[in-house]
Structure formats: C-alpha cells, structure tokens
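Asker: Supplied in structure tokens, the structure appears directly below.
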Amino acid sequence: MLQVLLPSLTKLDEMVETVWTKQDELNSVLDRLTTELEQFDELVQPDSSVGRGQEASQKLKDSRTRIANVNVVLKRVRTRLDNISMLAQAKILQNQQH
C-alpha cells in the first residue's frame, strides 16, 4: 500500500512547490503594481488624501496578505507531506529488509 501511496505524495509535493513558485511570481507583480499605483496617485492627485490609486493599492496589499496566509498553510501541508513521505519510505525499506 505504501508503494502505491508514495508516488501520489511525491506528485502532491511537486504541485505544492509549483503553487509556491507561482505565488512568488504573483507577489512580485503585486509589488510592482502597488508601487506604480502609488506613483500614479502622487502625479494625478498630489493634494488628495485618498485617491483611486491608493484604494487599488490597498486592495493589492490585502491580496498579498491573503497570499502570504495561504503560503503559511502550504508550508504546513508540505511539512506534513514530507513527514508522511519519510515514514512511508522507511516502512518500505523495513518491509524489504524482512
């Protein structure tokens, strides 16, 4: 059973890694957009207390916070998957030795 489960765990671990990579790319884009929106607001409405760019910028920052929270959960999932994978591999080796 463990030999059947191990490839699935490996595949799931690869998928988690892909999600992390994509989220890092998304964070970079959100950072760039936030900076551009803030600069746009300074150029268009320098005297306004809250401009449209700032509102959009805040939404992007909120999205980034949510992504960071998802990353925390993904790290926990990956740690658990790694632990299960190590246990499965140890059990397979143990069964092969007997």
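The values are calculated or read from the model by the stated rules, or taken from the named source; none is laboratory data. Quantities reported herein were computed from a predicted structural model and do not represent experimental measurements. When we count neighbours, we look across all protein chains shown, and the Cβ atoms used for this are built from the backbone with ideal geometry, even at glycine. Side chains are part of the model used for accessible areas, which takes the heavy atoms of the whole protein and leaves out ligands, DNA and RNA. Shrake-Rupley method; radii C 1.70, N 1.55, O 1.52, S 1.80 Å.
Asker: From the list LYS91, LYS22, which one is at pLDDT 80 or above and more than 20 Å from the chain's Cα centre (by Cα)?
Answerer: Numbers: LYS22 fails: more than 20 Å from the chain's Cα centre (by Cα).
The conditions single out LYS91.
Asker: Could you please give the count of residues in the range 85-98 that are open to solvent by 60 Å² or more (accessible area, probe 1.4 Å) and in contact with a Leu (Cβ under 6 Å, 6 or more places away or on another chain)?
Answerer: Initial filter on the range 85-98 (open to solvent by 60 Å² or more (accessible area, probe 1.4 Å)): 86-87, 89, 91, 93-98.
This time we only want the ones that are in contact with a Leu (Cβ under 6 Å, 6 or more places away or on another chain), so: 91.
Counting residues in the range 85-98 that are open to solvent by 60 Å² or more (accessible area, probe 1.4 Å) and in contact with a Leu (Cβ under 6 Å, 6 or more places away or on another chain) gives 1.
Asker: Within the set of pairs 6+ apart or on separate chains, which have a first residue in the range 40-65 that is assigned to a helix (DSSP H, G or I) and modelled with pLDDT of 75 or more, a second that is open to solvent by less than 90 Å² (accessible area, probe 1.4 Å) and among the β-branched types (Val, Ile, Thr), and C-beta atoms under 8 Å apart?
Answerer: SER57/THR34; LEU60/THR34; LYS61/THR34; ARG64/THR34
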